[in-house]
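Q: First the structure, then my questions, so here it is.
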Amino acid sequence: MPRLRTETFGGGDFTWLGSTHGIGNARTETLNTSAFTKATHYPDGYIKSGTPVALVAGLLVPYDATPAAEAGAGILAGFVLTDQAVVDPAAKIAVPLLDHGRVKTSKLPVAFTAPTGAKRGETTVVFTN
């Protein structure tokens, strides 16, 4: 008998998107779920659409805008485009990354201040409220 599993998680709150530009061109990156903590980043069992991330050693980790952040985690790579279920907290999973388009910062699932200069990484994002 196969091991079947039923999952239920959010369909995604896309109100943070300021336009449809970039959705069809989201690139695939690998998310390091072990860098995220359940209580902070996925209390409902999934990483929410619109979560800002940084690229460190080829893996996506939570974006950290604080001055004390390590160099990689303090450089915005983009935003997780769709909700991502965390079944195994040690897994590395492929996710769509939005790195260009329009983002409504007030609608993101976490408090966020738009980075400037080199902290924006290679993103082409227009930030609005």
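The values are calculated or read from the model by the stated rules, or taken from the named source; none is laboratory data. Predicted model, so just to flag it, every value in this text is computed and none were measured. Don't worry about glycine lacking a Cβ; one is built from the backbone with ideal geometry, like all the others, and counts go over all protein chains shown. These accessible areas exclude ligands, DNA and RNA; they are computed on the full protein's heavy atoms, side chains included. Shrake-Rupley method; radii C 1.70, N 1.55, O 1.52, S 1.80 Å.
Q: How big is segment 17-127 by Rg and Dmax over its Cα atoms, in Å?
A: In Å, with Rg to one decimal and Dmax whole: 12.8, 36.
Q: Starting from the amide H of Ala77, placed 1.01 Å from N in the peptide plane, find each other amide H under 5 Å away whose residue is 5 or more places distant or on another chain.
A: It is Val53, Ala54, Leu55, by chain and number.
Q: Also, quick follow-up: Which Cα, out of Ala85, Pro62, Gly101, lies furthest along the positive dipole direction of the chain (beta carbon charges, K/R +1, D/E -1)?
A: Most positive-ward Cα: Gly101.
Q: Right, here's the next one. Enumerate the lysines that Lys104 could reach by cross-link, defined here as Cα to Cα under 27 Å, with residues fewer than 8 away along the same chain left out.
A: Lys104 reaches Lys38, Lys48, Lys119.
Q: Still on this structure: Quick one: pull the percent of accessible area on the chain belonging to carbon and sulfur, 1.4 Å probe, ligands and nucleic acids left out.
A: 54 percent
Q: Suppose each label sits 7 Å from its Cα in the direction of the beta carbon; what would the Ala118-Ser106 distance come out to in nanometres?
A: With each label placed 7 Å out from Cα toward Cβ, I get 3.3 nm.
Q: Compare Pro52, Pro62, Pro115 in a GNM of the chain, Cα atoms joined below 10 Å, and give the one with the largest fluctuation.
A: Highest fluctuation among the options: Pro115.
Q: Tell me, what is the per residue accessible area of segment 7-129 in Å², probe radius 1.4 Å?
A: Here the residues of segment 7-129 average 51 Å² of exposed surface.
Q: Which value, in debye to the nearest 20, gives the size of the charge dipole of the chain about its Cα centre, when Lys and Arg are +1 and Asp and Glu are -1 at the Cβ?
A: Approximately 140 debye in magnitude.
Q: Given contacts defined as C-alpha pairs under 8 Å and at least six residues apart, what's the relative contact order of the chain, whole-number percent?
A: 31 percent.
Q: Using Cα springs under 10 Å in a Gaussian network model of the chain, which residue among Val110, Val61, Val86 shows the largest mean-square fluctuation?
A: In the Gaussian network model the winner is Val110.
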